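J.: Sharing a structure, written as structure tokens. Questions coming.
The values are calculated or read from the model by the stated rules, or taken from the named source; none is laboratory data. Model, not experiment: these values are computed from the prediction. Positions of Cβ are backbone-derived with ideal geometry, glycine not excepted, and every protein chain shown enters the neighbour counts.
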């Protein structure tokens, strides 16, 4: 091997291409950040206009009309959202899970139309006060814009994946004003590997997003923390325990969403009308507990203040917020899971803090630590991103003590939740749709490639009735060692090998019918079989090829050498993508 | 050499001309030390430059006077929130965009004035603040640095004096929980936020509720209380003119804009505009700020403020807008107050009737 070929990608042209990709990343970051800014502003404006935000509710001085609006706005919002979703092929809003699936299977190419409709319906959902999050739609919007950028520049799938991650990073960097969290989120949740080739464009996108956020979106951060005291040593043990509890809360939250989704599918109500029903129920409930309306930023803030909620009140709002979010998302409102998880987690942490204070009788100086630990312990498992959650805490508060406390809690939260429920809600949802990401990207990729892509009819087929002599002659003439028995109706009867045929001829003579020495242990594939299943079968089979049989009818064969080739090709593409420099 | 009778005649003619041709400019303002400062820095120099007298009337800041048909003053000095309300009611004349003069270095007025200073009907000239002041001798060895210290009677014991109004008090009370300034009005919009704020006010062991602006410096100087809220100009006046041993806590000061406006029925709107342009020039604003510690609304004027003419005190350090002082300033949400003030007042008074009345100096307790 020459030294040059051992250093792939060195030279002026690849460097220029790489710099071009970084520039494209920055451009996508700018567009995604502007879109995110517009989205957030639009939601805020709608919340003011539609009497969802506490400020507008306080400034509106007609209590009767306020009650009517509280019920009517989410209901009508649901009606619009339900009808918008009919124009998406899957009939449901797209989520970050779709972006993750596109990257993990190297498909890329996020549909622009579905992405656009999802963004609008999420804006309406959030604007009308549905208990859903805004970061999921922003992430998906960024991913869609990134994918669109790659398509406009006529780039390949690998670049498409990177630009998707760029859009995601910029959206997070803008929405939280946290560029590091944006970069880590794109790697931790979307790409799930670390490559320098992807890092630079993503970092460029996040920085542009951050700059635009500080310039254009002068809204306050998610929460502000004044100077804190340093927690006592034994409290770190409690923070770890909160992590364990938070994992269970996260599991309850995720399964509530999925459960309502399953229940909704059985409702005798058209899918387009389901969000309206959820909106009506939410609005009615909000007349008593307004904390569950909308993203709940005020509730989140109050939950970090000792004494703002009583212990029982915390439990009630916690349960109702889980129920309201499950109702809205399960019944088909468009929106994310992160913002409600922030509220739920903070309420849970506040509950723990209140409990500890009432047992120990100590002053609640470290109350905010409990709230933040709970917040991280619930959100990290839900989005499957412990590092991102930590960085969000760090970048929003700039408080190192708080970040270490959050680290203590996430230490236990993420692994416990991953063991019990799955890596994240996105992974659970994708698993439900048949994409298993639990064993990493290589497997997901193989599972997503249908074996039918490698189907060929170039094989020896024999009638089951022919004699051993004839069969051996035909195989010898075709230079093959295996034949497939197919009758006149095209039905598959099994596979025979030259060795078996010869052995049978030695034992019973050449006139015997071939059908008698069919290799019954030889498995077959069907039309839907994936490359992954084919690879699994290869562990127990040695031979030339596997037959593809569809409802008893022979379709052709897939050669083992093709399967191995495909596997090597996929691995090579992954290796280049994940370990390439530029 | 002009003969004596002719000289007398000429003098008489001049006197007649100034009174008959130049009708005085009629200005509505607040009186007291503030009007004295305005007289020295604005009105007299204006007369000197234009030959036109300035006639000052006083009012209480309310809009009732403006609503009457005979409201024919030429210029009014009013707070921005009042000016915004009056503008909405059509009681004021819109101001032309080119009214304020550019800065001496040519910077256009739009960039020289502070954000929000140039309104549709009113032009901000100064910024005053509601602040907390404390007796320096009350807490030996330590001094309050944050607004939360107002509510910390363990570290800073002693009675407090607060204005009998929900505004400012609610903000300070909620801030003491560690809430960020940007989040104040969102959180005060919830029943939970209001309850938290009033709980904090109710925790104060002894509170005097003042109503007139001069009460709070008096309560402090007479040692009735150790900490009091009030207007920064009044506290400054108490220090300068009465030698009061008090200091201002600038954290969480609530700034308000003081503006010039022209009423709908002004008799001399042209002259009024000329006066406003004169009075909001960089030089005049800096002169005004030397006499009363209100922050000029122009950046160029802030840089030119020097010492107090009588005491030689560096006035910049006493401005609410000085960078050292306004790091923790609250931007009052005037829209929010415009639509909630009457309900908040009722809510606050009802709360006061139940809890705060026991220590109120102003009236006896109603039976709950």
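J.: From A:330, A:335, which residue is touching a helix residue (DSSP H, G or I) at 6+ places or on another chain (Cβ under 9 Å) and closer than 25 Å to residue A:54 by Cα?
T.: So the residue among A:330, A:335 that is touching a helix residue (DSSP H, G or I) at 6+ places or on another chain (Cβ under 9 Å) and closer than 25 Å to residue A:54 by Cα is A:335.
J.: With respect to residue B:166, is the statement that it is within 14 Å of another protein chain (Cβ to nearest Cβ), touching a residue at least 60 places away in the same chain (Cβ under 8 Å) and part of a loop (DSSP other than H, G, I, E, B) true? Steps first, answer last, please.
T.: Values: within 14 Å of another protein chain (Cβ to nearest Cβ): yes; touching a residue at least 60 places away in the same chain (Cβ under 8 Å): yes; part of a loop (DSSP other than H, G, I, E, B): yes.
When the stated conditions are applied, residue B:166 passes them.
J.: Take the residues of region B:182-193 that are in a helix (DSSP H, G or I), in contact with a helix residue (DSSP H, G or I) (Cβ under 7 Å, 6 or more places away or on another chain) and at the interface with chain A (Cβ under 9 Å from one of its Cβ atoms): which is farthest from residue B:230 (Cα to Cα)? It would help to see each step written out before you state the result.
T.: Of region B:182-193, the ones in a helix (DSSP H, G or I) are B:182-188, B:191-193.
Next, from what is left, pick out any that are in contact with a helix residue (DSSP H, G or I) (Cβ under 7 Å, 6 or more places away or on another chain): B:183-188, B:192-193.
Next, only the ones that are at the interface with chain A (Cβ under 9 Å from one of its Cβ atoms) stay: B:183, B:185-188, B:192-193.
On the way: B:183: 24, B:185: 21, B:186: 25, B:187: 24, B:188: 22, B:192: 27, B:193: 24 Å.
Taking the candidates together, the pick is B:192.
J.: A further question follows. For region B:304-325, how many residues meet the condition of being surrounded by fewer than 16 Cβ atoms within 10 Å (Cβ to Cβ) and within 18 Å of the chain's Cα centre (by Cα)?
T.: 1
J.: Are any residues in region B:175-194 surrounded by fewer than 23 Cβ atoms within 10 Å (Cβ to Cβ) and out of contact with any strand residue (DSSP E or B) (no Cβ under 6 Å at 6 or more places or on another chain), and if so, which ones?
T.: Listed by number, the residues that qualify are B:176, B:177, B:178, B:180, B:182, B:183, B:186, B:189, B:190, B:191, B:192, B:194.
J.: Restricting attention to region B:156-163, does a residue exist that is more than 14 Å from chain A (Cβ to nearest Cβ) and either closer than 28 Å to residue A:51 by Cα or within 18 Å of the chain's Cα centre (by Cα) (or both)?
T.: Step one: list which residues in region B:156-163 are more than 14 Å from chain A (Cβ to nearest Cβ), which gives B:156-163.
Narrowing the set further to residues that are either closer than 28 Å to residue A:51 by Cα or within 18 Å of the chain's Cα centre (by Cα) (or both) leaves B:162-163.
Checking region B:156-163: at least one residue is more than 14 Å from chain A (Cβ to nearest Cβ) and either closer than 28 Å to residue A:51 by Cα or within 18 Å of the chain's Cα centre (by Cα) (or both).
J.: Evaluate the following for residue A:388: is it in contact (Cβ under 8 Å) with a residue 40 or more places away in the chain, over 30 Å from residue A:266 (Cβ atoms) and within 14 Å of chain B (Cβ to nearest Cβ)?
T.: Values: in contact (Cβ under 8 Å) with a residue 40 or more places away in the chain: yes; over 30 Å from residue A:266 (Cβ atoms): yes; within 14 Å of chain B (Cβ to nearest Cβ): no.
In short, no.
J.: Please report, ordered by residue number, the strands (runs of 3 or more DSSP E) entirely within region A:450-531 with at least 3 residues that are free of Cβ contacts under 8 Å to residues at least 40 places away in the same chain.
T.: Result: A:492-497.
J.: Report, by residue number, each residue of region A:14-72 that is within 14 Å of chain B (Cβ to nearest Cβ), within 25 Å of residue A:216 (Cα to Cα) and either touching a helix residue (DSSP H, G or I) at 6+ places or on another chain (Cβ under 7 Å) or not in a helix (DSSP H, G or I) (or both).
T.: A:47, A:48, A:51, A:52, A:53, A:54, A:55, A:56
J.: Which ones in region B:115-136 are part of a loop (DSSP other than H, G, I, E, B), more than 17 Å from residue B:216 (Cα to Cα) and at pLDDT 90 or above?
T.: B:117, B:119, B:120, B:121
J.: Identify the single condition in (1) over 30 Å from residue B:337 (Cα atoms); (2) assigned by TED's automatic domain parsing to the domain that holds residue B:84; (3) free of Cβ contacts under 8 Å to residues at least 40 places away in the same chain that residue B:302 does not satisfy, given that it satisfies every other one.
T.: (1)
J.: Hey, can you tell me all the residues within region B:71-113 that are part of a loop (DSSP other than H, G, I, E, B) and free of Cβ contacts under 8 Å to residues at least 60 places away in the same chain?
T.: Of everything in region B:71-113, those that are part of a loop (DSSP other than H, G, I, E, B) and free of Cβ contacts under 8 Å to residues at least 60 places away in the same chain turn out to be B:89, B:94, B:97, B:98, B:102, B:106, B:108.
J.: Hey, residue B:234 hits all of (1) outside any helix (DSSP H, G or I); (2) in the same structural domain as residue B:147 (by TED's automatic domain parsing) but one; which does it fall short on?
T.: So residue B:234 meets the others, but not (1).
J.: While we're looking at this one, here's another question. Quick one: in region B:195-208, which of the residues that are out of contact with any strand residue (DSSP E or B) (no Cβ under 6 Å at 6 or more places or on another chain) and more than 16 Å from residue A:54 (Cβ to Cβ) is nearest to the other protein chains (Cβ to nearest Cβ)?
T.: B:199
J.: Only one of A:531, A:525, A:568, A:546 is farther than 24 Å from residue A:490 by Cα and either surrounded by 15 or more Cβ atoms within 10 Å (Cβ to Cβ) or touching a strand residue (DSSP E or B) at 6+ places or on another chain (Cβ under 6 Å) (or both). Can you tell me which?
T.: Result of the check over A:531, A:525, A:568, A:546: A:531.
J.: Here is a follow-up. Does residue B:278 qualify as being outside any strand (DSSP E or B), within 30 Å of residue B:345 (Cα to Cα) and more than 14 Å from chain A (Cβ to nearest Cβ)?
T.: No, not satisfied.
J.: Test residue B:251 against the criterion of being within 14 Å of another protein chain (Cβ to nearest Cβ), at pLDDT 90 or above, surrounded by fewer than 23 Cβ atoms within 10 Å (Cβ to Cβ) and closer than 23 Å to residue B:318 by Cα, and give yes or no. Break it down stepwise before answering.
T.: On the way: within 14 Å of another protein chain (Cβ to nearest Cβ): yes; at pLDDT 90 or above: yes; surrounded by fewer than 23 Cβ atoms within 10 Å (Cβ to Cβ): yes; closer than 23 Å to residue B:318 by Cα: yes.
Yes.
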